[in-house]
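Asks: One structure follows; several queries about it will come next.
The values are calculated or read from the model by the stated rules, or taken from the named source; none is laboratory data. Just so you know, these numbers come straight off a predicted model, no measurement behind them. Neighbour counts are summed over all protein chains in view; Cβ atoms, including those assigned to glycine, are modelled from backbone coordinates with ideal geometry.
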Amino acid sequence: MSILTQTNLVPLISLLPPDRLFWSEDERANFTGDKWARGPLPDVVARPHTTEEVAIIAHFCFQQNIPLTTRGAGWGYVGGAIASQGGVLLSLDAMNRILDISRTDFVAHVEAGALTGDIARAVREVGLFYPPDPASLDHCTIGGNIATNAGGPHCLKYGVTRSYVLGLEVVLMDGTVLRLGGDTHKNKTGFDLLGLFVGSEGMLGIVTQATLRLLPHPRARRALAAHFANIEVAAKAIGAILESGVLPCALEVADAATLRHFRAAQGQIPRVEGSHLLVEVDGLEESVSAEAQLLSQILRSSGALGCRVATTEAQVEELWQMRRSFSASLSATGGAKLNEDIVVPRGKLVELVAFAEQLGRKHSLEVACFGHAGDGNIHVNLLLDTPLSPQEAGQRAQPALDELFAQILSWGGAITGEHGIGLAKARWWPGAVSPEVRHAHAAIKTALDPKALLNPGKWLE
Ligand SMILES: Cc1cc2nc3c(=O)[nH]c(=O)nc-3n(C[C@H](O)[C@H](O)[C@H](O)COP(=O)(O)OP(=O)(O)OC[C@H]3O[C@@H](n4cnc5c(N)ncnc54)[C@H](O)[C@@H]3O)c2cc1C
């Protein structure tokens, strides 16, 4: 297949500038996978510099029936950017310019390959704020964030990527260029096609540019870290916070297993129980100061064994440092780790952690939960005692994963809140939505990509 397709691809050389296509095995090997797994070699890697070049590539593949898979930075967690059927791997990493930032219109125009962290820092420099903050923001692209509708801790107050996409330039599989939305903060002209492309995991079109909505940057922030005897008490504190009238910009929880591994990684004596909450508020100095005081009272009266209030930027960062190191502490066990970003209705947190513990006991593995308590988007980490690739670990843990996802769905939850389905969660897609919803997805896919060439071999088939 590879040799045949490479031959079919040769005419593409005459349609593009000389340095856009990469044919050697070594060059192609750098584009075979993401943070979940490696896949087969694509037949060629294309690194276009303009929307016109993307359109030429798409049109060529459409005419020649060649699979086309879009890649941002390859920091996805579900294998979405793997060219699982070979063909052309279209990397947007060279289209990484922040075109302009408007302080009057509160928008930024960016190319799809721009890194999210670079965009957040650039708008911060002019006093503006791009809130979606995936933990991977220094490595992943805005195009990848749009394709997965990425979230992060601040999405509790500010919403996920979809809330910040005002305009999109999208190349369809036949090379047609769509320009949707624009610089206005509201627009109800026609269907919400923009929303259709956000979260479409590269299967409906190729995002080449985006217009992002910006906010005024909050002037001040405070963070509070509290320790509880167990998850039940922490869950009561979460309820009390959300009933108090304060909407934190982040509300993060960790269970006993996560804390045990965190302490071990820090060289501390592991305790067997406990739960950790991190709460952040932002806004004007006067309001965050009053809110932090109220939150501190709520945490203590809800049973916090200890509560630390961070008032300076450095102290706030120190508390976040601990939160950010949970994932690495779990990886430091040396065995394989499967991070499942499930979502449960907010009130199910305690039941989720109890279920995870039972699941671990039943399948002889450890399960550690931490994540965005305010959204019910909890990272359930299955820890295996041998160092396997995520694919092998997924196969080994499949019975446990089947039970986990069945339970989540029976609670009215979702199998993914941020990472998407890709290849990693394709097995559970049919059970996650009704046949009617699957049919609607298939109809939309056929309308926009009638030959099923765009990012093929993933969950939609
Ligand atoms: C350590 C770590 C932490 C993470 N933390 C978070 C988190 O907090 N929140 C979160 O939401 N995710 C998180 N992720 C997952 C991941 O970073 C996000 O899914 C991110 O959006 C991927 O961006 P990318 O540029 O690397 O995309 P890729 O991995 O290259 O691609 C992801 C998907 O998007 C498609 N795609 C990429 N670019 C385009 C484009 N321009 N047009 C159309 N389709 C495109 C691809 O085909 C693929 O299906 C984390 C991952 C890691 C490894």
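Asks: Considering only the stretch 273-293, how many residues are at pLDDT 95 or above and either over 20 Å from A235 (Cα atoms) or outside any strand (DSSP E or B) (or both)?
Replies: Residues meeting the conditions: 12.
This table checks each residue for (1) surrounded by 13 or more Cβ atoms within 10 Å (Cβ to Cβ); (2) closer than 28 Å to V110 by Cα; (3) touching a Gly at 6+ places or on another chain (Cβ under 9 Å).
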position: L12; (1), (2), (3): yes, yes, no
position: T32; (1), (2), (3): yes, yes, yes
position: A37; (1), (2), (3): yes, no, yes
position: L41; (1), (2), (3): yes, no, yes
position: V45; (1), (2), (3): yes, yes, no
position: A55; (1), (2), (3): yes, yes, yes
position: Q64; (1), (2), (3): yes, no, no
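Asks: Hey, another quick one. Condition first: assigned to a loop (DSSP other than H, G, I, E, B) and either touching a Gly at 6+ places or on another chain (Cβ under 6 Å) or of a type in the set (V, I, T) (or both). Now tell me which residues in the stretch 422-441 satisfy that.
Replies: Across the stretch 422-441, the qualifying residues are G422, L423, A424, V433.
For (1) within 17 Å of E201 (Cα to Cα); (2) surrounded by 15 or more Cβ atoms within 10 Å (Cβ to Cβ); (3) away from the ligand (no atom under 16 Å from the Cβ), each residue gets a yes or a no:
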site: F405; (1), (2), (3): no, yes, yes
site: G412; (1), (2), (3): no, no, yes
site: A424; (1), (2), (3): yes, yes, no
site: A440; (1), (2), (3): yes, no, yes
